Amino acid sequence: EHAALRDMCRKFADEELAPHAGKWDKDHRLPPEVIATMGELGLMGIAISDEYGGAGMDPLAYALAMEEISRGCASTGVIMSVNNSLYCDPVLSYGTGEQRQEWLVPYASGQRLGCFGLSEPGNGSDSAAASTTAVLDGDEWVINGTKAWITNAHVRAHAHRAAPVRAP
């Protein structure tokens, strides 16, 4: 299973990513079709169970897939990594069943793309110095702060307008 996954990712990287990676980087864009295809291949939620839209594979599968995709296009590897590790995994680990259905299934399946906001003006990516706050106000969280950039937020084709976050 691992060898088949590696071979599939290698073929995809060689044929669909590597020939275009330089232009995509120069143009600061990745066609949304690439992310959609990666979702169809099970790469956007590789270690997330199929119950939540993922491929249900193990960490070794994730490492093998990341290595091959990043070899073909490092930027695409970052996008895949952020969706899998920094978005899907925390929702799986800390979300309620209802939250997982709404905020994990479409992302682990590749229908939507998860983002990650860490860097702030004045402190860069020093998470210990982050000044953004989240305060529970009744049954909604009020988030205050400024981010310098949000990884994966540039992909408008998968943008999702967030509703107020309800406390579990």
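Before moving on, here are some points about what is shown:
- Unique match (being of a type in the set (D, E) and surrounded by 21 or more Cβ atoms within 10 Å (Cβ to Cβ)) among E40, E51, E68: E68
- Looking across the range 37-69, the residues that are under 14 Å from the mean Cα position of the chain (by Cα) and on the phi > 0 side of the Ramachandran plot come down to G42, G53.
- All positions within the range 31-48 that are closer than 25 Å to R100 by Cβ, in a helix (DSSP H, G or I) and hydrophobic (A, V, I, L, M, F, W, C): I35, A36, M38
- The range 107-126, subset crowded, with 20+ Cβ neighbours inside 10 Å and free of Cβ contacts under 8 Å to residues at least 60 places away in the same chain, residue farthest from the chain's Cα centre (by Cα): R112
- Selection status of A13, at pLDDT 95 or above, on the phi < 0 side of the Ramachandran plot and open to solvent by 40 Å² or more (accessible area, probe 1.4 Å): no
- Selection within the range 127-152 - surrounded by 12 or more Cβ atoms within 10 Å (Cβ to Cβ) and either in contact (Cβ under 8 Å) with a residue 60 or more places away in the chain or part of a helix (DSSP H, G or I) (or both): T151, N152
- Residues (surrounded by 15 or more Cβ atoms within 10 Å (Cβ to Cβ) and under 15 Å from the mean Cα position of the chain (by Cα)) located in the range 16-36: L30, V34, I35, A36
The values are calculated or read from the model by the stated rules, or taken from the named source; none is laboratory data. All of these numbers come straight from a predicted model, not from anything done at the bench. Note that we place each Cβ from the backbone using ideal geometry, even for glycine, and neighbour counts take in every protein chain shown. Note: areas computed on protein heavy atoms with side chains; ligands, DNA, RNA excluded. Shrake-Rupley method; radii C 1.70, N 1.55, O 1.52, S 1.80 Å.
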